[in-house]
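So the structure is just underneath, and the comments pick up after that.
The values are calculated or read from the model by the stated rules, or taken from the named source; none is laboratory data. Bear in mind the structure is a predicted one, so any value in this text is a computation, not a measurement. Using ideal geometry, Cβ is built from the backbone for each residue, glycine included, and neighbour counts are taken over all protein chains shown.
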Protein chains: 2
Amino acid sequence: MTTGVRIESALEAAVLRAESGAAPPKLAAAVRHAVFPGGARVRPQQSLAVAEAGGGENPVVADGAAAAIELLHCASLVHDDLPCFDDAATRRGRPSVHVMFGEPLAVLTGDALIVMAFDALARACAGAPELLIPLLTTLTRGVGLPSGIVAGQAWESEPSPPVEVYHRAKTGALFVATVMCGAAAAGADPLPWRLLGEKLGAAYQVADDLLDAVCGETQAGKPTGRDVALKRPSQAINLGLKEAHAHMQALVSEAVASIPPCGGAKGLKDLVRTQATRLAPKQLVRDAA
Amino acid sequence: MTTGVRIESALEAAVLRAESGAAPPKLAAAVRHAVFPGGARVRPQQSLAVAEAGGGENPVVADGAAAAIELLHCASLVHDDLPCFDDAATRRGRPSVHVMFGEPLAVLTGDALIVMAFDALARACAGAPELLIPLLTTLTRGVGLPSGIVAGQAWESEPSPPVEVYHRAKTGALFVATVMCGAAAAGADPLPWRLLGEKLGAAYQVADDLLDAVCGETQAGKPTGRDVALKRPSQAINLGLKEAHAHMQALVSEAVASIPPCGGAKGLKDLVRTQATRLAPKQLVRDAA
């Protein structure tokens, strides 16, 4: 099975469980809308690639961790799109959850997805219960307080957020959790992998800033020009487009260089490079070539 | 240590972890506002009472499970109070989180509390990792889809929710999880305890309907008369006040009768009766006496 199929299967299993029995139909439909069809599934792809590179032990656990990470990412998108935050009417080229199902169900969709994530992780660990505590606490660090993605979003409500801290929490923390969960699922020590997560998170933050500054809504699949409109810190604005793109490429190189020696290092390096090229706005990649 | 002190200590430890390091100050303050000072802490009290009745093994795990349940309850209150749901300006006699900190931080407070709950549970299981999977999946069943409290809240967005299913999810599911987690934390089989949770959940739903119908905002600590205003099913309205109160008392008796034979059964029965008396609106208790 390809990693793409493994990820979709694990997500489908989680969504099917949520839809089963006496589930309220609209919330069940909203949850499915939030998860399928997905975007590039960048985080679960990376998590599985690290698990494979680290030896590929416990594939069921690795799949569960990858699904949990993607469900948490989907939850953050649904809540970030709400009128009280980004007020984004589109996501992945389709109506966002609150536009399609209304605000109450969008709040509940995010809540349900967070719960589904931890549930998926726990179920995946049935055959290796000793892995659940390290995986779960790695994940909670990536999403919760004091410095996960929820904290990152909350920095936008502060008068002058420290930019580094804000970006590290909003984007970096989940990448760190992604990479470290992949390693932990494979039974490897996750600590040597932290730097890869930090570099990837930083690179993706620049990529997202560039996407917001350069692309139209059709290419991005979501409203753009929001950093200027919402006065959010943006490296595309601070550094200029060309400099920001060069900075992103440097971060990707540092990410590749940080990969610890392991059997599957080459494949993982290729994946990191390919994903990064795909994420940067096409017009900048062309200009830089 | 009394159970009250154990509960507040476990909650304080979770909130301190959330506030530590580089936490965004407003979100950290909002989380503390949502958790302290608490209400009657009915659910963690019951969870600990069941754990004690079941033998009192693993007190650290029992405390963690009790804190997790209360954090999830607090999360549901913060989100339920939002303008797009109940639009409640007060809670526990104080401004609700969105009134005090704004809507974005209220959404994030609920999210952070859900994550903190699973984190608290995982940390508490460090010395008994084999308990984490059953405890965690019992909790996710109580709060998520298809039939936990998130599903219960979502039924309010359906045109004609089946009343039994709605109430079982909105109130009953977390009581079932509360009681079963208490048993599981003590190393007992949680299944014989399910009926107690169901009966307690049903009793508390009637008590809440009565509170909404009979009390003013000062006594309830939150806006009342909401069931009529929001056209929500209410047993106080359907059965009439006197009948509904009698029904609640019958459910409490059934709850007490359902307690499985165990060492601490007597203390648990006393707690269930005392808590129920405290929860029913005083004027009805007086009239029925």
Residues that are within 14 Å of A:ALA177 (Cα to Cα) and either among the small types (Gly, Ala, Ser) or part of a loop (DSSP other than H, G, I, E, B) (or both), drawn from segment A:35-48: A:SER47
Qualifying positions in segment A:117-132 - within 7 Å of another protein chain (Cβ to nearest Cβ) and either surrounded by fewer than 16 Cβ atoms within 10 Å (Cβ to Cβ) or closer than 20 Å to A:GLY144 by Cα (or both): A:PHE118, A:ASP119, A:ALA122, A:ALA126, A:GLU130, A:LEU132
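So for segment A:52-64 (the condition being among the acidic types (Asp, Glu) and part of a helix (DSSP H, G or I)), does at least one residue qualify?
Here is the first cut: in segment A:52-64, the residues among the acidic types (Asp, Glu) are A:52, A:57, A:63.
If we keep only those that are part of a helix (DSSP H, G or I) too, we end up with A:52, A:63.
Yes, the conditions are met somewhere in segment A:52-64.
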Mind listing whichever residues of segment B:226-243 are over 15 Å from B:GLU164 (Cα atoms) and either buried (at least 21 other Cβ atoms within 10 Å of the Cβ) or of a type in the set (D, E, K, R) (or both)? B:ARG226, B:ASP227, B:LYS231, B:LYS242, B:GLU243
Among (1) surrounded by 24 or more Cβ atoms within 10 Å (Cβ to Cβ); (2) more than 14 Å from the chain's Cα centre (by Cα) - the single one A:LEU16 does not satisfy: (1)
Can you give me the number of residues within segment B:149-163 that are over 19 Å from B:LEU72 (Cα atoms) and among the aliphatic types (A, V, I, L, M)? 1
Within segment B:251-289, track down each residue that is within 23 Å of B:ARG168 (Cβ to Cβ), in a helix (DSSP H, G or I) and small (Gly, Ala, Ser). B:SER253, B:ALA255, B:ALA257, B:SER258, B:ALA276
Can you spot a residue in segment A:89-111 that is of a type in the set (D, E, K, R), modelled with pLDDT of 95 or more and touching an Asp or Glu at 6+ places or on another chain (Cβ under 7 Å)? yes
Among (1) within 9 Å of chain A (Cβ to nearest Cβ); (2) part of a helix (DSSP H, G or I); (3) polar (S, T, N, Q); (4) surrounded by fewer than 24 Cβ atoms within 10 Å (Cβ to Cβ) - the single one B:GLN153 does not satisfy: (4)
Hits in segment B:16-42 (condition: in contact (Cβ under 8 Å) with a residue 40 or more places away in the chain and facing chain A (nearest Cβ under 9 Å)): B:ARG17, B:ALA18, B:LYS26, B:LEU27, B:ALA30, B:VAL31
Among the residues of segment A:95-111, is there at least one that is touching a strand residue (DSSP E or B) at 6+ places or on another chain (Cβ under 9 Å), away from chain B (no Cβ under 14 Å), under 21 Å from A:VAL150 (Cα atoms) and not in a helix (DSSP H, G or I)? yes
Can you tell me which residue is surrounded by the fewest Cβ atoms within 10 Å (Cβ to Cβ) among those in segment A:156-170 that are in a helix (DSSP H, G or I) and more than 17 Å from the chain's Cα centre (by Cα)? A:GLU164
Hey, can you tell me all the residues within segment B:163-181 that are more than 25 Å from B:ALA49 (Cβ to Cβ) and more than 8 Å from chain A (Cβ to nearest Cβ)? B:VAL163, B:GLU164, B:TYR166
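Yes or no: B:LEU77 more than 8 Å from chain A (Cβ to nearest Cβ) and either part of a loop (DSSP other than H, G, I, E, B) or surrounded by fewer than 24 Cβ atoms within 10 Å (Cβ to Cβ) (or both)? Break it down stepwise before answering.
On the way: more than 8 Å from chain A (Cβ to nearest Cβ): yes; either part of a loop (DSSP other than H, G, I, E, B) or surrounded by fewer than 24 Cβ atoms within 10 Å (Cβ to Cβ) (or both): yes.
Taking the combined requirement at face value, the residue satisfies it.
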Out of the residues in segment B:123-138 meeting the condition of being touching a residue at least 40 places away in the same chain (Cβ under 8 Å), part of a helix (DSSP H, G or I) and of a type in the set (A, V, I, L, M, F, W, C), tell me which one is farthest from A:ASP81 (Cα to Cα). B:LEU131
